Structure formats: structure tokens, C-alpha cells
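The values are calculated or read from the model by the stated rules, or taken from the named source; none is laboratory data. Being a predicted model, the structure only gives us computed values, none of them experimental. So basically every Cβ, Gly included, is an ideal-geometry build from the backbone, and we count neighbours across all protein chains shown. The accessibility values were calculated without ligands, DNA or RNA, using every heavy atom of the protein model including side chains. Shrake-Rupley method; radii C 1.70, N 1.55, O 1.52, S 1.80 Å.
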Amino acid sequence: MQKKIWITGASSGIGKSLAIKFAENGWKVAISARRVEKLEEICKINKNIHSFPLDVLNIDQCNHTFNKILEKFDNIDKCIFCVGIRDHESEKNLELNKIEKIFKTNFFGNINTISSVYSYYKNKKEGHISVIASIAGYRGLPESGAYSASKSALITFVESLYFDLSKYNVQLSLINPGFINTDMVKNNKYKMPLIMSSDYAARIIYSNIIKNKNFEIHFPKRLSLLMKFLSILPFKLYSKLIKIGSNLINR
Ligand SMILES: NC(=O)c1ccc[n+]([C@@H]2O[C@H](COP(=O)([O-])OP(=O)(O)OC[C@H]3O[C@@H](n4cnc5c(N)ncnc54)[C@H](OP(=O)(O)O)[C@@H]3O)[C@@H](O)[C@H]2O)c1
């Protein structure tokens, strides 16, 4: 039987590449984001892709959208929640309204979609929810307070959920990428080590989700393992090394 997946944050970047990757592999794909015209364009790429526009900040819309997808698809095997925003300028200037928006979108936005599928999978006693956080969520980074904190919160939430949902045979995956060449980073003025295309990132995520061996999917390993190592250091040493690294990438 044809497998079915719901992907949010799918109007561009990693979510879009994932939608195409799953569709090319025969999956029926429901895609969501706010920009309706972008979603429509992606549907034209592959007939397995179907558009379900959504603002994840609206919990009623999340519930309604998931019900609409279920009506059309009958069943959803997996979900990948990819929504995220970032804004370096507002982080630099501590613009509270923008910081609040980053946190609301990256944390509560994804919790809203998780909540919309929660009872469905719990009752079904099977299913697979994946959430994209970031290696920037491992620990505080320069000019990234709201983004890193929102991703840290998301990582902790997904880890907790893993324990709660594994009792019901529901799988959880936490995806922590390094730099990916998407709209989100196109205005970054610093060097982005080991940056990769969203199509390449989608290939890595796809193969890991299909195998479903590890809870955390992190890449590129050279950067994600370095960040993991840095994150366990005492703050004094961590801060020195991060300052050296920031000077190198800002040159
Ligand atoms: N690029 C990187 O270097 C990088 C690294 C690590 C992690 N990530 C994470 O990967 C995920 C995907 O990011 P990306 O790099 O692919 O950036 P992107 O191209 O900007 O994608 C972000 C997606 O989120 C959607 N979105 C934003 N706010 C939304 C809302 N309120 N409701 C519904 N959809 C919303 C956007 O669609 P609409 O604007 O159409 O709503 C878009 O589809 C994010 O969680 C990001 O934090 C990215």
C-alpha cells in the first residue's frame, strides 16, 4: 500500500526538498506552509504531492488541516515538522517582538502540529513524528539567543515526548542539521562551514527516517560532533573556543 506523509515548512528549503524526495520514492505527500502559491508550484513537480496551506501559530488551523489531510489520505504514516524562522538583526538588537515571534514559531508552532497528531498516533499505537531542530540548539551561540533557545527548548521537548510516546509504540526522530543552503541563511554575512544543499540534506534525512535506527539525526558529522563536544565543555573553555571560531568565520 502507498505510504503517506505530512511535511510542514514545505514551501521552501529543507521541507520542499523532503517533499520531493518522498514523492519521488512513491510516497503520497501532504505539504503545508503559509505561502499557497509556493505550495501549488511544488505540487506541479510531482503528482504525489498535495497542498494543505497552514499557519502553525494557529492551533485550530493545525487541527483542522490534519483532519482535512486524514479525510483525503485515510491514513498518515509519518510526519516531518520543519517549520522554523531566524533573524540575526533582531537578535543583535534584542527586538523583543521579533524574538517572541521566533520563539513562538520555532517552539510553539511545532508543538501545535505535534499536538494535532498526538491523539491520532497514541490511539493507533503506531506512527512516526520527526521534528527539525538544529545543532544551534545544543548551546548558546553569538547573536542567536532566541533561535538557539527556541531550538534547545524544542530538542528538550522532543526528547521528553520520546519517552511518553514510545509507550504507545509511536516513533520520534529529532533532526539536527548544520548549515543548509536555504532562504533562511541567504543573508548570512559570515562563512558557513560545511554548508550543504537542501537536496543533499533531504537525502540524508530521508535515508535515516526510512531506516529509523537512531533517535537523533545530526549532520554533517564533522560539524555536529564538534558542536556536541563543545557543548559538554565547562563554559569558560566553551566560550573561548566559540569566540575563536566566530572570529574565523567572520573574517
Ligand atoms: N538552513 C539552515 O542552515 C538550517 C540549519 C539547521 C536547522 N534548520 C531548520 O530547518 C527548518 C527548515 O528551514 P529551511 O532552512 O529550509 O528554511 P526556509 O526555506 O526558510 O523554510 C522555512 C519553512 O517554514 C515555513 N514557515 C515559517 N513560518 C511558518 C508558519 N507560521 N506557519 C507555517 N509555516 C511556516 C516557511 O513557509 P511559509 O513562509 O510559506 O509559511 C518555510 O516553508 C527550520 O526549522 C530551520 O530552523 C535550518
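Converting phi to 3J(HN,Hα) with the Karplus coefficients 6.51, -1.76 and 1.60 and the offset θ = phi - 60°, region 146-162 yields 5, 5, 5, 5, 5, 6, 4, 4, 5, 4, 5, 4, 5, 4, 4, 4, 3 Hz in sequence order, with x at every glycine or proline. Amide hydrogen proximity for residue 218: with H placed 1.01 Å from N in the peptide plane, the residues at 5 or more positions away or on another chain lying under 5 Å are 176.
The overall shape of region 148-251, judged from the alpha-carbon gyration tensor, is oblate: a/c is not under 1.5, and a/b is no greater than b/c. With label points built 7 Å along Cα→Cβ from the Cα atoms of residue 1 and residue 36, find their separation and express it in nm. Using points 7 Å along Cα→Cβ, the separation is 3.2 nm.
Could you work out how far the C-alpha centroid of region 63-137 sits from that of region 162-184, in angstrom? Using only Cα atoms to place each centre, the spacing works out to 10 Å. Positive end of the dipole of region 4-250, charges at C-beta (+1 Lys, Arg; -1 Asp, Glu), about the Cα centre: which of 190, 142, 223 has its Cα farthest in that direction? Sorting the options by dipole projection puts first 223.
3J(HN,Hα) couplings calculated from phi for region 197-203 with the Karplus curve 6.51 cos²θ - 1.76 cosθ + 1.60 (θ = phi - 60°) are, in sequence order, 6, 5, 5, 5, 4, 5, 5 Hz; Gly and Pro show x. Less than 5 angstrom separates the built amide H of residue 49 from those of 29, all sequence-distant by 5 or more or on a different chain.
When you count the other C-beta atoms within 10 angstrom of each residue and take the mean per peptide, 201-210, 238-247, 222-231 line up highest first as 201-210, 222-231, 238-247. Atom-type composition of the exposed protein surface of region 4-250 places 53 percent of the accessible area on carbon and sulfur (1.4 angstrom probe). For the chain, the relative contact order works out to 17 percent when only alpha carbon pairs closer than 8 Å and six or more residues apart are counted.
A straight Cα-to-Cα reach below 27 Å connects residue 240 with the lysines 92, 151, 189, 191, 221, 228, residues fewer than 8 places away in its own chain not being considered. Checking the table 16/47; 21/44; 44/211; 47/124; 104/124 against a 20 Å threshold on Cα-Cα, which pairs fail? 44/211; 47/124; 104/124, as the Cα separations exceed 20 Å there.
Rounded to the nearest whole Å², what accessible area per residue is found for region 4-250 with the 1.4 Å probe?
That works out to 49 Å² for each residue.
Sequentially through region 5-15, phi angles give Karplus couplings (6.51, -1.76, 1.60; θ = phi - 60°) of 9, 10, 10, 9, x, 9, 7, 7, x, 5, x Hz, Gly and Pro residues having no value and appearing as x. Put simply, the amide H of residue 130, placed in the peptide plane, has neighbours under 5 Å in 79, 80, 81, 173, leaving out anything fewer than 5 places away on its chain. Per residue, the chain reaches -16000 deg cm²/dmol at 222 nm when only DSSP H runs of four or more residues are counted, each adding -39500 (n - 2.57). Ordering 233, 165, 248 by accessible surface, largest first, gives 248, 233, 165; the 1.4 Å probe counts only protein heavy atoms, with every chain in place.
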